[in-house]
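To keep things clear, I will list the structure first and then write my remarks on it.
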There are 2 protein chains.
Amino acid sequence: MSSSSVEKSPIDNSVGVIKPKTIHFDQELALVCGKAISQYDLIYETYGELNADHSNAVLICHALSGDHHAAGYYSEDDSKAGWWDSCIGPGKPVDTNNFFVVSLNNLGGCGGSTGPNSVNPETGKLYGPDFPIVTVKDWVESQARLADKLGIETWAAVVGGSLGGMQALTWSLSYPDRVKHAVVIASTPKLTAQNIAFNEISRKAITSDPEFHAGHYYRHNTVPTKGLMLARMIGHITYLSDEAMGEKFGRDLKTAEFNFGYDVEFEVESYLNYQGKRFSKTFDANTYLLMTRVLDYFDPAAEFEGSLERALKHSTCGYCVVSFSSDWRFSPERSEQLVSAMVKAGKPVSYAEIDSPYGHDAFLIPTERYMSIFTAYMSRIAQEVNANAS
Amino acid sequence: MSSSSVEKSPIDNSVGVIKPKTIHFDQELALVCGKAISQYDLIYETYGELNADHSNAVLICHALSGDHHAAGYYSEDDSKAGWWDSCIGPGKPVDTNNFFVVSLNNLGGCGGSTGPNSVNPETGKLYGPDFPIVTVKDWVESQARLADKLGIETWAAVVGGSLGGMQALTWSLSYPDRVKHAVVIASTPKLTAQNIAFNEISRKAITSDPEFHAGHYYRHNTVPTKGLMLARMIGHITYLSDEAMGEKFGRDLKTAEFNFGYDVEFEVESYLNYQGKRFSKTFDANTYLLMTRVLDYFDPAAEFEGSLERALKHSTCGYCVVSFSSDWRFSPERSEQLVSAMVKAGKPVSYAEIDSPYGHDAFLIPTERYMSIFTAYMSRIAQEVNANAS
């Protein structure tokens, strides 16, 4: 058998086997909320090679339930790739043949960076609910320090979907000199009342669980599984479109006939229960609360009397904004508001609304037009990097 | 002061002070689920006068959290009118100068009709979670028996919004000879996967509450307040549009500045918490579960291999279908599917999509075009009644 007839396995199409690294920071981080974190760890992964003049680095920012494991596998027989493996790797939109890619778990996360589930060095106990509220701005600050440690003065691009897009946008505002391009996918300049309402109900589901113990569940050797499961189920509805759910499940029954009871009757119930249960076993409830508040508080225009245009005034990067037609969590209209402000502020912006039935989750799904637009924009960046490389 | 300068109070513009009545039924009711209820009570109210040939009766069907108290007040100083007082009364769309209006609490409800919170005559204990699953068809059967007792052979109209619209539609299919008109507002021929998903999460919120005790909470002198509160909050988001929430609350803060914590920060959180808490004190959790299952199971086309057109074949009534542009729970597309089937089946149907920002709740809000269309259709019915009156 010639090697050309051997099909490439997913791992061969990926960045391969990856090992996360952790950096300790002992310089205090003052937070927007007025509190400070005296020291912290950030866990991160890198894919590809940093070039000689350190100009090909791309930062990937994760969303609510994401982490640092964006691409590749943890072992040769790992069956599950990183959460954005479809978009990061050789020949993929964020092409690791061109870029040195950095992906971290944000502060407050539960993937290995310092968060509610870490020991507070001042008390010797877990932070739990006492972990301070962080904001997107704080994350960008912590990411800038990570960039310093990695010798990255300027990002060729900061890229993210959903809450990740908010970080990309904030980088361009907080550190205009350190970002060449910001790629803001399926995001929004701020949450709507409905978005906040969904978050509040998710939080209420968690805090109403008697196993929550005011956030000190680990002290009671328990976790608020049911509340976290409910929160995830609520979130999940908002990630999918009505259409996508209809296509995926319709009104299909689990059994041949109605049982006329409260056990699972429809496929969609089964799916939500399964997804919720799985999530509740791996994610930290205090981190979930924190992430929803990070979303609620995000509003870069607020410091500029609500003017996004003025907030954008000092940015110097190129923007790529992508939205998805059936995304009703952060609808195309929200991206268009952002794009309008960029245009008014005289900033270069490429905008595409991708026709997709997959709702908010579409940013994770490598559909053709999305991949083509994402690849084109990133290729342009790679060309710029190569043209300027010393 | 002349009497003409005295402004009419809301009670004077209503059907006035109302007293509900209860009828006992001791004939067994066989249910679609295969079980039966041996005897039961239905609580109801009537507004207006039944005419000599009993041809001016209108049945009002309530939605998930509704009850028999659709119009009027319970005392001279009662500050809260029935849930559809805006549409039922003298000079209102369902004009009590023309019609004899009947409004009941459905079987399984918690407003006074037999339901989970009633004593099961076979055990001498509360039904609780053992109350059998009823369907819209069962309700129509029980309503037909109520009509018999009230001497109403034929309804001039059966009218309802949301789940109430499903009852109006089912009347026209189960008893084509007993309905002259069916008014189906903000409804749907069946739930989508997303609709079912929201219901499932609401149920899970209730059943996950440790105070639920597998539905036997009264035996433990408690109620699953937190679960029911969450369920109502989830429901509430789906009743309002993103736009309506935005107009009502925007991102307004409860206090002047962010508190950076998990207490209520935004007006919309405060509103949802208040609404949820209020509801959880008055509504029965088992009834809530039951009502969501009634919704899930509704699918009149199912018996006809999914053909709504064939399901409608034997209906003989006139239809009025109304939808609201911003209703994303039961969107205009769902009403249009119903209307298309009616047209294909050769049935007379008037359809209007009302431009409204109020989401699903729009069917409760007396906006101008809605009132004008509703009034016009009901006036036509009144004319028919008068023309045929002996």
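Each value in this text was obtained by applying a stated rule to the coordinates, not by laboratory testing. Remember, predicted model here, so these are calculated numbers, not experimental data. Note: ideal-geometry Cβ built from the backbone for every residue, glycine included; neighbour counts use all protein chains shown.
Side notes on the structure shown:
- Loop GluC sites (Glu not before Pro), region A:209-303, which have at most 16 other Cβ atoms in a 10 Å radius of their Cβ (DSSP): A:GLU257
- Distances between copies of A:ARG310, taken at a point 7 Å out from Cα along the Cα→Cβ vector and listed shortest first: 6.5 nm.
- When you filter the trypsin sites (Lys or Arg not before Pro) in region B:66-165 for DSSP loop state and at most 16 other Cβ atoms inside 10 Å of their Cβ, you are left with B:LYS80.
- Computed log₁₀ I(q)/I(0) - Debye formula, equal Cα scatterers, no solvent, the protein assembly as shown, q 0.05, 0.07, 0.10, 0.11 Å⁻¹: -0.31, -0.58, -1.04, -1.19
- The dipole here belongs to the protein assembly as shown: it is taken about the Cα centre, uses +1 on the Cβ of Lys and Arg and -1 on the Cβ of Asp and Glu, and is about 380 debye.
- For A:LYS21, the aspartates and glutamates whose Cα comes closer than 15 Å to its Cα, not counting residues fewer than 8 places off in the same chain, are A:ASP41, A:GLU45, A:ASP67.
- Magnitude of the charge dipole for region A:195-294, about its Cα centre and with charges confined to Cβ atoms of Lys, Arg (+1) and Asp, Glu (-1), is about 580 debye.
- Average other protein chain Cβ within 10 Å of Cβ, residues B:257-269: 6
- With its label point defined 7 Å out from Cα along the Cα-to-Cβ axis, B:ALA52 lies at 10.7 nm from the matching points of the other copies, in increasing order.
- Fraction of antiparallel bridges per DSSP, chain B only, in percent to nearest 5: 35 percent
- Under a Gaussian network description of chain A, with springs only between Cα atoms under 10 Å, the residue in A:ASP252, A:ASP263, A:ASP148 that fluctuates furthest is A:ASP263.
- Toward the positive end of the charge dipole of the protein assembly as shown, with +1 on the Cβ of Lys and Arg and -1 on the Cβ of Asp and Glu, the farthest Cα among B:PRO129, A:SER113, B:HIS69 is that of B:PRO129.
- FRET efficiency for the pair B:THR375 and A:ASP355, taken as 1/(1 + (r/R0)^6) with r the Cβ-Cβ distance and R0 = 41 Å, rounds to 0.50.
- Among B:ASN199, B:ASN117, B:ASN13, the largest mean-square fluctuation in a Gaussian network model of chain B (Cα springs under 10 Å) belongs to B:ASN13.
- Most fluctuating residue given options A:ALA341, A:ALA147, A:ALA36, as computed from a GNM of chain A linking Cα atoms under 10 Å: A:ALA36
- Amide H partners (placed H, <5 Å) of A:VAL349, local residues excluded: A:TYR319
- Pairs from the list A:LYS180/A:LYS313; B:LYS8/B:LYS80; B:LYS92/B:LYS347; A:LYS35/B:LYS254; A:LYS19/A:LYS137 with a Cα-Cα gap above 18 Å: B:LYS92/B:LYS347; A:LYS35/B:LYS254; A:LYS19/A:LYS137.
- Inter-copy separations for B:GLU28, label at 7 Å along Cα-Cβ, nm, ascending: 7.9
- Sparsely packed loop sites in region B:201-257 (the trypsin sites (Lys or Arg not before Pro) outside DSSP H, G, I, E and B with at most 13 other Cβ atoms within 10 Å) comprise B:LYS254.
- Residues in region B:8-14 carry Karplus couplings, in order, of 5, 7, x, 5, 6, 8, 10 Hz; the curve used is 6.51 cos²θ - 1.76 cosθ + 1.60 with θ = phi - 60°, and Gly or Pro positions show x.
- FRET efficiency, 1/(1 + (r/R0)^6) with R0 25 Å, evaluated for B:ARG278 and B:ASP252 via beta carbons: 0.75
- The protein assembly as shown - mean residue ellipticity at 222 nm from DSSP helices (-39,500 (n - 2.57) per run, n ≥ 4, rounded to 500): -11000 deg cm²/dmol
- DSSP-defined antiparallel bridges as percent of all bridges, the protein assembly as shown, nearest 5: 35 percent
- In order along region B:317-334, the phi-based Karplus estimate (6.51 cos²θ - 1.76 cosθ + 1.60, θ = phi - 60°) of 3J(HN,Hα) comes to 8, x, 10, 10, 10, 10, 10, 10, 3, 9, 6, 9, 6, 10, 5, x, 4, 5 Hz; Gly and Pro are listed as x.
- Principal axis dimensions, chain B - Cα atoms, whole angstrom, descending: 69, 60, 48
- For the residues of A:237-243, the average number of beta carbons from a partner chain within 10 Å of their own beta carbon is 4.
- Database remark: amide H of B:VAL179 closer than 5 angstrom to the amide H of B:TRP155 (H placed geometrically; neighbours at sequence offset of 5 or more, or on other chains; Pro and chain starts carry no H).
- Charge dipole of chain B (Cα centre as origin; +1 on each Lys and Arg Cβ, -1 on each Asp and Glu Cβ, all else neutral): 580 debye, rounded to the nearest 20.
- Estimated vicinal HN-Hα couplings, Hz - region B:70-75 in sequence order (Karplus 6.51, -1.76, 1.60; Gly, Pro = x): 8, 8, x, 10, 8, 7
- For B:LYS226, the aspartates and glutamates whose Cα falls under 13 Å of its own Cα, not counting residues fewer than eight places away in the same chain, are A:ASP209, B:ASP209, B:GLU211, B:ASP284.
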